[in-house]
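Student: Have a look at the structure that comes next, please.
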Amino acid sequence: MRPVLLHFLTMLAIGNHDRLRRGGRLCAVALALVLLLLTGDSSLAGGKRKVKIRSMPPVVWSHLSENLWRIDDATVCYLIRSNGKALMINVGAGRALDDLAPTEVEKVDGVLVTHHLRPVTQGLPAAVAHGAWIGAPADEAKLLTEADRFWNEAPLRDMYIFKPSRVTPATPVKIAKELKGGRTLTWEGIKFEIIDTPGPTAGAISIAATIDGRRVAFTGELIVNDGQLPNYWNMQYTYGDYGKPGLRATQRSLHRVRKEDPDLLLPSRGPVIVNPDEAIAAFDERADKVLDLFDVKPLSGSLFSNNDHPLPHLYWSKGSYLLTGKDGNAILIGQSGIDV
């Protein structure tokens, strides 16, 4: 702000009113800032500013079966009870750790994590402080154990990628068990099948188990609702890939989950999915349509050739699009140095 103010005041002092008129919008903003400073806005003048922190909604427990609970916290997580002990799948903000009354257990023995993104892992330090061990995907363990290193060395090369790679944990935690696809983990008589399910993140896993006589799969952010994605940005793996690698990876992952023949899918967002086959089939259909749109015709990159004409009024060339109208006019979207 200071350079803008200095520029405005300098022009005012030297009487350059013509430039003031030409830069009217900028000067209006600068003048507003000057007035705010003169009228004592302490936040602009460097004084202390009161920050309003929105309180989170209360934790909500839902009893899915005798020994299985769903917990709505910062995200959705789950608690399994066996032999008087508790195991959580993801932990959200960790607020449920302070009041386990619905489960009639005193503490959480351990936490299994499906992926590293902060909505499901931000409460891990609290879980460790409560005495819980942590199990996490082997391919993403370093993002949890070396979170400080990630933030110190975070590359700038992906700054244009929509994938939320910065939604990683802020605080490192110790991982006791690295979870790899194809292996099992047995806890208090319950066998958990670990499934590699890249999609929302490249190293994500899903966890299948039989609890209270039902086959369930904890799927993280792999799928939500009736066969949708939590967000499309997670599908992007590299700049300019349009999310195609992530979509294909998610499809393959859901087929692996389907092989476990689950009665329920338990995602980290949205409601419990009670018709897994229907939801996975719906996702397949939607993903195929999106992939087909991206691959509708080969794009050569030449100047509006026949091959670069995917729709009747749409032409493509080297990253630019020409949208033509019936009246002979056209709109050029994104000029990439082409000779219009």
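Student: Just going by the charge dipole of segment 211-268, with Lys and Arg at +1 and Asp and Glu at -1 on Cβ, which of Asn231, Pro245, Pro267 is farthest out on the positive end?
Tutor: Pro245
Student: Run the paramagnetic zone check for Gln228: 7 angstrom along Cα to Cβ, then residues of segment 267-293 with backbone nitrogen under 12 Å.
Tutor: 270-271
Student: Sticking with this one: If we count every other residue with Cβ under 13 angstrom of Arg95's Cβ, Lys/Arg +1 and Asp/Glu -1, where does the sum land?
Tutor: -4
Student: With the convex hull built on the Cα atoms of segment 155-264, state its orientation-averaged projected area in nm².
Tutor: 8.4
Student: Give, in nm to one decimal, the length gained when the segment between Ser82 and Asp284 is fully stretched (0.36 nm per residue of separation minus the Cα-Cα distance).
Tutor: Values: separation 202, 0.36 × 202 = 72.72 nm, distance 3.55 nm.
Gain on extension, Ser82 to Asp284, equals 69.2 nm.
The numbers here are math on the coordinates, done by the rules we state, and not lab data. Given the structure is predicted, the values throughout are model-derived calculations rather than measurements. Don't worry about glycine lacking a Cβ; one is built from the backbone with ideal geometry, like all the others, and counts go over all protein chains shown.
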